[in-house]
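Taking it in order: structure first as structure tokens, then the write-up.
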Amino acid sequence: MGIILIGERINGSFKDVGRAIQEHDKTVIKDRVTKQEAGGADYLDVNMGAASRKLEDYAWLVQAVAEATALPLSLDCPRADMFRVGLKAYRETVGERSVILNSTTAEDSKLIPLLELAVEFKARIMGVVMDERGSPQDVDRRLELGGKIFAAATEAGLSPADIFLDPIVMPVKFMQDQPKHILNAIQQLTTLSDPPCHISIGLSNISSKAEERKLINRTFMVMALAMGLDAAILDVCDEEMRQSVATAELLLGMEIYSDGYLKAYRQRAGSGPVAAAA
Amino acid sequence: MVPDAKKTWGGKVNSVTIGATPAAGGTRAFTVTIGGSATLPFLDFEGTCGQPAVAMEICDTYPQEWPDLLREPFGDALQDPVRWARKCLEMGADLICLRLDGCHPDHGNRSPAEAAQTVKQVLQGVPAPLIIWGTGNADKDNEIFPAVAEAAAGENCLIGSITEDNYKTLVAVCTAYKHKIIAESPCDVNMAKQVNILAQDMGFPVENIVIYPTCAALGYGLEYIYSVMERGRLAGLKGDRMLAQPIICDIGIEAWGVKEARVSEAEIPDWGPQRQRAPLWEASTALACLLAGGDLFILRHPEAVQSLKKSIAELAGANITAAAA
């Protein structure tokens, strides 16, 4: 079915996007949407970053993005009230289209309200494997928290296909023993259920503050895909990244070989929501 | 919570319509639409299943190579492609497949103008949509396809075939004269995908392609073809647009070429009467391809046509006829 690529570029932390949010300027947003569509995004992440904390700004941003694309969105917020405002704006703009709530942790005070929202608005949910004690440093803790989120989500009525677990990627520059734990955790999280839920990462964390960011990103991406990762929040406009993902899909037997497989992958990109429908 | 055992797929086989009525700029009395399946053949409890269609084959010359018992049901209609085509429609064909075998350099070497003339006559003589198959000789096909496609302009024919090594001429003329294309790849799912990519690269929509993974008669590698058809279909249903095409199965030419269809009872008494055996061989080959995911069948003997249509109707739980527009 292909790897689910969630485009990360609509984020208020980027200066031009931040300014567009503050000034309610749709042209910058539209440009970011178009580029990520051409890059083959399956979902577009929508994050205000530090540009604003106002609920009405988030509602505006969600509506501006949703109007500009046929792709589903990943609503990326820090607070439940902002999710609600975003979901309401989204449903009013697009109706039934798929959506991911990005994200909850395993902490009950966050998890339970977010699951209620997911059920109410028929949304998918991204669960990050951390809780009040902070980020896990080993495989077991990642599995424990992943299991907790998965159990709570299925209990609430979500199917495995609607659940994304994020084992938390940490920068290799500062925590060099973490990548191997993350890779092991990915593999073990895929065995939580059959069919498995989705496993997703925020990829660019791996190369935070490093020099060779793109090379580190795409190398880790391919390693993670080999362990069973099937979704990621990343820069879909990185051409070499996309070629690596396409080749990984081929090598993992997710895609039938043809001499022109890269061409087919590029043609698929920009042809609309395919993987997102699955 | 017990999970639902029904399989749902992310992709869907493209629907391809052959023929154009006057409303659509052609002169056909009806059209035939194949494909559209959202699941494997006849699993209609899981999703939409397309309606397979059955074409009967005619040639632009008298079929000298056909065994007597295959020529017998058509009588002297075989002398004239139009009368032959009408006979096929009386026998239950949903549409007609015209094979331009007489244009092959070794089988008469008819000219592009003669080929175009035959195509026009058949289109004028019958109301059904038309599949047009070239000679299989790449150089000769590239000579006749422009004239043939032009002669059938507006009629939305299905013309074949393009291959990995020879696709530019037919893709260009089918774009110009708005026909559908058969993309051929010899028993190879990788190449099936590749030919579609090449056509799309020339701007031809993959939604206007029917794929032909080649075919083999029962006992002559049918199981390989079955696997290739099934593997491609599974990929298409999973969302691979380059393998989401309906499949055409050229059955008659294969089934009537093997000794099980051609040898008489006198030669091999254990095999029983050829009169029953030969059409049955054709029908059995077609049935296997139907279950593998075939959407469009080209047959020769009227009894094989009846048998396959009966199988389709029984498997679908309803009578299936050509989709009249």
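Computed values, structure above
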{"item": "Low-density loop cleavage sites - trypsin sites (Lys or Arg not before Pro) in segment A:175-219, where at most 12 other Cβ are within 10 Å (DSSP)", "result": "A:LYS209"}
{"item": "For segment B:116-131, Karplus couplings with θ = phi - 60° (6.51, -1.76, 1.60), whole Hz, Gly/Pro x", "result": "4, 4, 4, 4, 4, 4, 5, 4, 6, x, 10, x, 7, x, 10, 9"}
{"item": "Segment A:168-195 residues near the modelled A:LEU252 label - backbone nitrogen below 12 Å, point 7 Å along Cα→Cβ", "result": "A:186-187, A:190"}
{"item": "Spin-label zone in segment A:91-115 - amide nitrogen under 13 Å from a point set 7 Å from the Cα of A:GLU132 along the C-beta vector", "result": "A:106-111"}
{"item": "Residue order, fewest to most beta carbons within 10 Å, for A:THR105, A:THR154", "result": "A:THR154, A:THR105"}
{"item": "16 Å reach of a label modelled at B:GLU72, 7 Å along Cα-to-Cβ, counting backbone N of segment B:270-301", "result": "B:272-282, B:301"}
{"item": "Full-extension gain in nm, A:GLN243 to A:LEU262, via 0.36 nm per residue minus C-alpha separation", "result": "6.2 nm"}
{"item": "Sparse-neighbourhood loop sites, trypsin sites (Lys or Arg not before Pro) in segment A:88-129 - DSSP loop, at most 15 other Cβ within 10 angstrom", "result": "A:LYS122"}
{"item": "Proximal lysines relative to A:LYS214, as straight alpha-carbon distance under 21 Å, when same-chain residues fewer than 8 apart are discounted", "result": "A:LYS15, A:LYS35, A:LYS173, A:LYS180"}
{"item": "Pairs of lysine residues in chain B - Cα separation under 21 Å, sequence separation of 8 or more or cross-chain", "result": "18"}
{"item": "Cβ-based net charge around B:GLY154, under 15 Å, with every Lys or Arg adding one and every Asp or Glu removing one", "result": "+2"}
{"item": "For segment A:4-277, fraction of C-alpha pairs farther apart than 31 Å, in %", "result": "22 percent"}
{"item": "Within-14-Å neighbourhood charge of A:ARG213 [Cβ basis; K, R +1; D, E -1]", "result": "-2"}
{"item": "Span from the segment B:159-235 Cα centroid across to the segment A:143-161 one, whole angstrom", "result": "44 Å"}
{"item": "Relative contact order, percent, chain B [alpha-carbon distance under 8 Å, six or more residues apart]", "result": "21 percent"}
{"item": "Descending semi-axes in whole angstrom, ellipsoid equivalent of the protein assembly as shown, from the Cα gyration tensor", "result": "55, 25, 21"}
{"item": "Theoretical ellipticity at 222 nm over chain A - DSSP helices of four or more residues, -39500 (n - 2.57) apiece, nearest 500", "result": "-14500 deg cm²/dmol"}
{"item": "Relative contact order of segment A:4-277, pairs being alpha-carbon contacts under 8 Å that are 6 or more residues apart, as %", "result": "19 percent"}
{"item": "Structure-based [θ]222 nm, chain B - -39500 (n - 2.57) summed over DSSP H runs of at least 4, per residue, nearest 500", "result": "-11500 deg cm²/dmol"}
{"item": "Cysteines (scope chain B) whose Cβ has no counterpart Cys Cβ under 4.7 Å", "result": "B:CYS49, B:CYS59, B:CYS88, B:CYS97, B:CYS103, B:CYS157, B:CYS174, B:CYS187, B:CYS215"}
{"item": "Under the Karplus curve 6.51 cos²θ - 1.76 cosθ + 1.60, θ = phi - 60°, whole-Hz ³J(HN,Hα) for segment B:53-61, x wherever Gly or Pro sits", "result": "10, 10, 9, 10, 9, 10, 10, 7, 9"}
{"item": "Where labels lie 7 Å past Cα in the beta-carbon direction, separation of B:LYS6 and A:GLU67 in nm", "result": "3.8 nm"}
{"item": "Most mobile listed residue (B:LYS238, B:LYS259, B:LYS310) in chain B, GNM with C-alpha springs under 10 Å", "result": "B:LYS259"}
{"item": "³J(HN,Hα), Karplus 6.51/-1.76/1.60, whole Hz, each residue of segment A:223-235, x for Gly, Pro", "result": "4, 5, 4, 5, 8, x, 4, 9, 7, 7, 9, 7, 7"}
{"item": "Stretch in chain A that is longest and holds no GluC sites (Glu not before Pro) that DSSP places in a loop and that have at most 11 other beta carbons within 10 Å", "result": "A:1-95"}
{"item": "For the protein assembly as shown, share of DSSP beta bridges that run antiparallel, in % to the nearest 5", "result": "10 percent"}
{"item": "Under 14 Å, Cβ to Cβ, from B:GLY257 - net charge with Lys/Arg +1 and Asp/Glu -1", "result": "-3"}
{"item": "Coil-residue trypsin sites (Lys or Arg not before Pro) of segment A:1-84, DSSP, other Cβ within 10 Å capped at 14", "result": "A:ARG53, A:LYS54, A:ARG79"}
{"item": "Residue order, fewest to most surrounding Cβ atoms within 10 angstrom, among B:VAL173, A:VAL33", "result": "B:VAL173, A:VAL33"}
{"item": "Under 5 Å, built H, 5+ apart or other chain: amide partners of A:GLY49", "result": "A:GLY12, A:SER13"}
{"item": "Of all DSSP beta bridges in chain A, antiparallel share, percent nearest 5", "result": "5 percent"}
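Just so you know, all these numbers are worked out from the coordinates, no wet-lab data involved. Model, not experiment: these values are computed from the prediction. Cβ coordinates were reconstructed from backbone atoms using ideal geometry, including for glycine residues, and neighbour counts include every protein chain displayed.
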